[in-house]
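Worksheet: the structure to be examined is printed underneath.
The values are calculated or read from the model by the stated rules, or taken from the named source; none is laboratory data. Keep in mind the model is a prediction, meaning the values are calculated, not measured. Using ideal geometry, Cβ is built from the backbone for each residue, glycine included, and neighbour counts are taken over all protein chains shown. To get the accessible areas, we keep the full protein, side chains included, count just its heavy atoms, and leave off ligands, DNA and RNA. Shrake-Rupley method; radii C 1.70, N 1.55, O 1.52, S 1.80 Å.
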Amino acid sequence: MRTLDEALGAVLDSFTPLEPETVGLDAALGRILAEPFVARRDQPAFDNSAMDGWALRATGADETRVVAPGESAAGGPRPAPLASGTALRIFTGAPLPPGADTVVLQEDAVLERDAVLDGDRVRFTEAPTPGQHVRRRASEFTAGDELLPAGAVIHAGTVALLASQGVRELLVGRRPRVAVVPTGDELRAPGSDAPEGSLYDSNGPMLAAAITAAGGEPVRHRAVGDDRSALAAAFARALEDADLLLTTGGVSVGDHDHVKEALADAGVPLDLWKVAMKPGKPLAFGRSPEGKAVLGLPGNPVSAFVTFQLFGRPAIRRLLGDPRPALPRIHARLTAPLAHRPGRTELARVRVERTTDAWVAHPHAQQGSGALLAMAQANALAVVPAESSGVDGGAVVECLLFGDLPGEPYARHLDT
Ligand code: AMP
Ligand code: MG
């Protein structure tokens, strides 16, 4: 029997990013940058005002200025150089006139008539600090600076940055096409009748959702019965148009478990392993001669889910080009004990939540490998080490957060 870490290493080390592709910025959310992004222009691109007010050159002494003719507004014409002793009306985002270095808020300025001048003066109620309220050219970054490394995940903030640099298209990792073939004579599609003895296929829909959440493109196939030649034909067809094939069920050693032989018939020699994990002991992995990967997941719905989270999701993230493919992990205090017999690494379904000062993990009462309700209510897996003989309530355990819940990008930065 392999340890969980051995099996993870053997499977995940064999996945490398797919060839990159160019996509429009509007379609780039969640993709992974395939090359570093280098600034095309200074930010800010020109000296401009951060406020509505008056542009002037600070001298530290007099607190009034003659009002210069005209104004500078965002998107307006370039202002003329500022004559000494004058101040120009300016608005947020507008270019500073050459010669100006400071902006005074309009709230801190009073317009006065100057009879001698026969014109307007502006008087400041506060002595301006030189440089205040000015966004200096290149004060944030300079053209040529590396702004994002290869491997950066595109989120809304990244989209804003790239758009502000005039980017319309970018090079990102291609989304892997992931075929899903559930197997089992007993399976019926949700929406159809399920006479006694049959059951609804939950693994197919679960995997399609989990693949999408991981950034892959699911390609769903009809469930196939426990017939070796039907399975071989279905696997061969599914492999034609996929980067990765996920099967569920039929990987144990029962009389009706034909997935391993059928995949061999389809040209994919498969290693079947007993992995020292609970749930999810039987797991199969192999590659077609063209290098397409196949993961044979157990049929048990909780086992299929857990093995997908541990093996399938990181594999998809690697294909996508994510340099951090593992599930986000935190440390959390258990609110109840977790029983465990030494032997296999257990991945207990828990609900983690953040209290004011720490993460806590509530173990679900139902830890059976068929307990779908527990899985639906959980948001993380608590890792109970193989050698442990149980974890006390109050102890701190490592928890792997499900990768497909809202807020996941934030969870990525929560490693403790
Ligand atoms: P197997 O790995 O084929 O021995 O299946 C283990 C258990 O999981 C059996 O009770 C199956 O009925 C159940 N099972 C297998 N595939 C699915 C599926 N796609 N959806 C729901 N349950 C399944
Ligand atoms: Mg079966």
message = It is to be established whether one or more residues within the stretch 290-307 are small (Gly, Ala, Ser) and closer than 12 Å to residue 4 by Cα.
response = no
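To keep it simple, each residue is scored yes or no on (1) within 44 Å of the chain's Cα centre (by Cα); (2) among the small types (Gly, Ala, Ser); (3) outside any strand (DSSP E or B).
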residue	(1), (2), (3)
8	yes, no, yes
11	yes, no, yes
17	yes, no, yes
23	yes, no, no
45	yes, yes, yes
65	no, no, no
74	yes, yes, yes
81	no, no, yes
93	yes, yes, yes
request  = Scan the stretch 315-351 for residues that are β-branched (Val, Ile, Thr) and either surrounded by fewer than 23 Cβ atoms within 10 Å (Cβ to Cβ) or over 24 Å from residue 276 (Cβ atoms) (or both) and report the count.
outcome  = 3
request  = Scan the stretch 240-256 for residues that are more than 8 Å from ligand 2 (Cβ to nearest atom) and open to solvent by 20 Å² or more (accessible area, probe 1.4 Å) and jot them down.
outcome  = 240, 241, 243, 253, 255
inquiry  = So if I check each of 228, 237, 220, which one is within 16 Å of ligand 1 (Cβ to nearest atom), over 27 Å from residue 325 (Cβ atoms), open to solvent by 60 Å² or more (accessible area, probe 1.4 Å) and in contact (Cβ under 8 Å) with a residue 12 or more places away in the chain?
reply    = 228
remark   = Checked against (1) surrounded by 15 or more Cβ atoms within 10 Å (Cβ to Cβ); (2) farther than 20 Å from residue 45 by Cα; (3) not β-branched (Val, Ile, Thr), residue 70 satisfies every condition except (1)
note = Within the stretch 44-60, restricting to residues that are of a type in the set (A, V, I, L, M, F, W, C) and either surrounded by 21 or more Cβ atoms within 10 Å (Cβ to Cβ) or free of Cβ contacts under 8 Å to residues at least 24 places away in the same chain (or both), the one that is farthest from residue 142 (Cα to Cα) is 54
request  = Could you tell me which residue of the stretch 25-43 is farthest from residue 106 (Cα to Cα), considering only residues that are in contact with an Asp or Glu (Cβ under 7 Å, 6 or more places away or on another chain) and in a loop (DSSP other than H, G, I, E, B)?
outcome  = 36
ask   = Looking at the stretch 90-120, which of its residues are open to solvent by 60 Å² or more (accessible area, probe 1.4 Å), in contact with a strand residue (DSSP E or B) (Cβ under 7 Å, 6 or more places away or on another chain) and under 25 Å from residue 76 (Cβ atoms)?
value = 92, 106, 111, 120
inquiry  = Kindly evaluate residue 129 against the criterion of being open to solvent by 60 Å² or more (accessible area, probe 1.4 Å), farther than 30 Å from residue 300 by Cα, out of contact with any helix residue (DSSP H, G or I) (no Cβ under 7 Å at 6 or more places or on another chain) and among the β-branched types (Val, Ile, Thr).
reply    = yes
